[in-house]
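Report on one structure; see the data block that follows.
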Amino acid sequence: MNPIFGHLMETGFGGFYDGIAHLLITPADLLVVMGLSLLAGQQGPAGGRVLLAVLPIAWLLGGGFGQPFAVADTFDALLIVWFTIVGVMVALDRRWQLRWLRLIGLFSGLLFGFGNGASMGPQGPIAQELLGVVSTVAVITAIVSAQVAANSYRWLSIGCRVGGSWIAAAGLLTLGVHLKG
């Protein structure tokens, strides 16, 4: 593997599974997907459907745009700040219009997808690794947002807000470590 693209985890099972592993062991990617899924679920079933329609496609497009570039580590601070903002939005438990949720999902998918594509490097029109990442994004989005939207228990609403605050706290800690160098 080229050292420039050392960000991708190799499982030995092939590119698609490497992409699945990549999402599950990359904290920023996993936290933004979990945060967005919680946020969409807080908006009800329509929010989950909107995010499921937008986020994986935007992630795939962003990854395709990012593959020719080797800038994976140059905008880490932006990724950290963005998933921190998503965590704050979940913690606030604010109702968003679906068009804003669509824009948030679109921006997040393009941003994080670009980072994934840039870390994977040029591997053809659509890398198997990128398809693995996008598939995992879709599965997590569908499961988490549906579970949050389907349950009307007060304790689950509080749990979502706590989860959002933990995502925001992890972002602030990560940003501090990143800025310290």
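Residue-by-condition table, conditions (1) outside any helix (DSSP H, G or I); (2) among the small types (Gly, Ala, Ser); (3) open to solvent by 70 Å² or more (accessible area, probe 1.4 Å):
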residue	(1), (2), (3)
Gly47	no, yes, no
Leu51	no, no, no
Pro56	no, no, no
Leu61	no, no, yes
Gly64	no, yes, no
Val81	no, no, no
Thr84	no, no, no
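Conditions (1) open to solvent by less than 10 Å² (accessible area, probe 1.4 Å); (2) touching a residue at least 24 places away in the same chain (Cβ under 8 Å); (3) among the acidic types (Asp, Glu), marked per residue:
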| position | (1), (2), (3) |
| --- | --- |
| Arg102 | no, yes, no |
| Leu110 | no, yes, no |
| Gly117 | yes, yes, no |
| Thr136 | no, yes, no |
| Ala142 | no, yes, no |
| Ile158 | no, no, no |
| Leu173 | no, no, no |
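Of the residues contained in region 46-60, one or more are found to be closer than 19 Å to Ser135 by Cβ and among the aromatic types (Phe, Trp, Tyr). Summed over region 144-156, residues that are open to solvent by less than 80 Å² (accessible area, probe 1.4 Å) and either outside any helix (DSSP H, G or I) or not hydrophobic (A, V, I, L, M, F, W, C) (or both) total 2. In this structure, Ala149 does satisfy being closer than 15 Å to Leu51 by Cβ and of a type outside the set (Lys, Arg).
The values are calculated or read from the model by the stated rules, or taken from the named source; none is laboratory data. Being a predicted model, the structure only gives us computed values, none of them experimental. Backbone-built Cβ (ideal geometry, glycine too); neighbour counts: all protein chains shown. Heavy atoms of the whole protein, side chains included, go into the accessibility calculation; ligands, DNA and RNA do not. Shrake-Rupley method; radii C 1.70, N 1.55, O 1.52, S 1.80 Å.
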